[in-house]
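Trainee: Questions regarding the structure given below will be posed in turn.
Any read-out appearing in this document is the output of simple, stated calculations on the displayed coordinates, not a laboratory observation. These figures come from a predicted structure and were not determined experimentally. A quick note on method: Cβ atoms are made from the backbone with ideal geometry, for glycine too, and the neighbour counts reach across all protein chains shown.
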Amino acid sequence: MVEPTRIPWRKLEREVRKYEWSERFKNASVMVFAQLMRGEGWGRKMARLKLLEHPQTEASLQEADVHYMAPALGKRVIRGTAYEQRLSPIFRVAPFAVVHGRDPDKVLALSTRLRAMYPKAMFLAARFDDIIIDQAALVELEKGPKTAGLFAELVQTISARPAIVDLLDQSVGQLRTLLDQSNQSIATRLQQMESEKAPDSQPSE
């Protein structure tokens, strides 16, 4: 009789957690990554239960939810994904609270409650579909619209959800000014393109 292969419990648990987080990344259109400082409890505070609105349903949890994530697990989950290069640097030592869901407004509202509960937490990045908003993204904005499509999409994403400006640990005033300038530069470029088309669109006499 062949002995069944025994899988170590810890390894099985790691694989289950990886699968759970892979599903969350796949199903969520918006994610906010908040790094918790040492000494700030998560389990003993019953943080998730306190942060979530009541009553909770499967549908409401799909719209916005929050979970604790160890940095090593974060690196494993994003390995091989389109955003591995951008998100990998944030997963270092300290654990994360990750707010995720399909409703941007509810995700940002839940993130605001998280910040109130954990005032020392560092909000390092946000993900809107495949767009990552972090320090590197802000540096790209400062360079101007060199890649017009991505640049415009990034500006539009942030501008549509101004609450993200207040969450991410950046200079709020500086970022708002940067967004205004960015939107203005895009509008100016579009006007230039329209004026360049104008002579061709006029009927010949």
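Trainee: For the stretch 1-114, just the Cα set please: Rg and Dmax, both in angstrom.
Mentor: 15.8, 58
Trainee: Figure the gain on full extension for residue 52 and residue 22 (residue separation times 0.36 nm, minus the Cα-Cα span) and round it to one decimal in nm.
Mentor: Stretched fully, the residue 52-residue 22 segment lengthens by 8.7 nm.
Trainee: Which three lengths, in whole Å and largest first, does the stretch 61-129 cover when its Cα atoms are put on their principal axes?
Mentor: Principal axes ranked by extent give 29, 26, 17 Å for the Cα atoms.
Trainee: Length gain on complete extension for the stretch residue 79 to residue 45, per 0.36 nm per residue less the alpha carbon to alpha carbon distance?
Mentor: Full extension from residue 79 to residue 45 adds 9.2 nm.
Trainee: PRE reach from residue 11 (point 7 Å along Cα→Cβ): which of the stretch 64-92 fall under 19 Å by backbone N?
Mentor: 73, 76-77
Trainee: Modelled label-to-label distance, residue 92 and residue 105, 7 Å Cα→beta-carbon offset: nm?
Mentor: If labels sit at residue 92 and residue 105, their model points lie 3.7 nm apart.
Trainee: Might you report the magnitude of the Cβ-based charge dipole of the stretch 23-84 about its Cα centre, with Lys and Arg at +1 and Asp and Glu at -1, to the nearest 20 debye? Don't skip to the end; give the middle numbers.
Mentor: Values: 10 positive and 7 negative charges, 81 e Å.
Dipole magnitude for the stretch 23-84 comes out near 380 debye.
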